[in-house]
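Asks: Quick one: structure below, then a few questions.
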């Protein structure tokens, strides 16, 4: 009897944990999740950021997004990237499942160093947005020659 109760508690705990992860993961793609048939919502593209001695480089995965649907801005050391991925809707479609996020996206990143905002370069190739943000000269390491 005690063993049966323990098993039920473990199953309940596992279901609660699974539900928690599902809620966490789904919130990554929808700030305001709506009904199952709602296909457009806010989503967060995946981003990688690296730092070199001269610059910061950001890579954002934007599969299915057109270059002209992406806007970038840097102001006061805040990089903002926004845009949209269109959803394909057809009256004759009978979707069984839709997991590819669509609609608006927005990401903003505070840059923890002074940068040359007028020298930022961006490229969009193979569904990857790549942004190079050069550091201001004052932020670059200054090697001191020992005599």
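Asks: List pairs: first in segment 87-105 and in a loop (DSSP other than H, G, I, E, B), second exposed (fewer than 10 other Cβ atoms within 10 Å of the Cβ), Cβ under 9 Å, 6+ apart or cross-chain?
Replies: Hits for this filter: 95/37; 98/36; 98/37.
Asks: Right, here's the next one. Return yes when residue 84 is at pLDDT 75 or above and not in a loop (DSSP other than H, G, I, E, B) and no when it is not.
Replies: yes
Asks: Considering (1) closer than 16 Å to residue 78 by Cα; (2) at pLDDT below 85, say which one residue 92 fails and leave the rest.
Replies: Residue 92 satisfies every listed condition except (1).
For every residue, the table says whether it meets (1) touching a strand residue (DSSP E or B) at 6+ places or on another chain (Cβ under 6 Å); (2) under 26 Å from residue 133 (Cβ atoms); (3) modelled with pLDDT under 95; (4) part of a helix (DSSP H, G or I).
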| site | (1), (2), (3), (4) |
| --- | --- |
| 16 | no, no, yes, yes |
| 22 | no, no, yes, yes |
| 35 | no, no, yes, no |
| 38 | no, no, yes, no |
| 50 | yes, yes, no, no |
| 53 | no, yes, yes, no |
| 74 | no, yes, yes, no |
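Asks: Right, next: Just the residues that are exposed (fewer than 14 other Cβ atoms within 10 Å of the Cβ) and not in a strand (DSSP E or B), please, taken from segment 55-72.
Replies: Listed by number, the residues that qualify are 63, 64, 66, 67, 68.
For (1) at pLDDT 85 or above; (2) out of contact with any helix residue (DSSP H, G or I) (no Cβ under 8 Å at 6 or more places or on another chain); (3) in a loop (DSSP other than H, G, I, E, B); (4) surrounded by 14 or more Cβ atoms within 10 Å (Cβ to Cβ), each residue gets a yes or a no:
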residue	(1), (2), (3), (4)
108	yes, yes, no, no
112	yes, yes, yes, no
118	yes, yes, no, no
124	yes, no, no, yes
129	yes, yes, no, yes
134	yes, no, no, yes
138	no, yes, no, no
142	no, yes, yes, no
147	no, yes, yes, no
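Asks: To continue, here is another question. Find all pairs meeting these conditions: Cβ atoms under 7 angstrom apart; at least six residues apart or on different chains; first residue within segment 68-82 and without any contact (Cβ under 8 Å) to a residue 24 or more places away in the chain; second residue assigned to a strand (DSSP E or B).
Replies: Short answer, once both residue conditions are applied: 69/83; 69/84; 71/82; 71/83; 73/80.
The values are calculated or read from the model by the stated rules, or taken from the named source; none is laboratory data. This structure is a prediction, so every number in the text was calculated from the model and none was measured. Glycine gets a Cβ as well: all are built from the backbone with ideal geometry, and neighbour counts include every protein chain shown.
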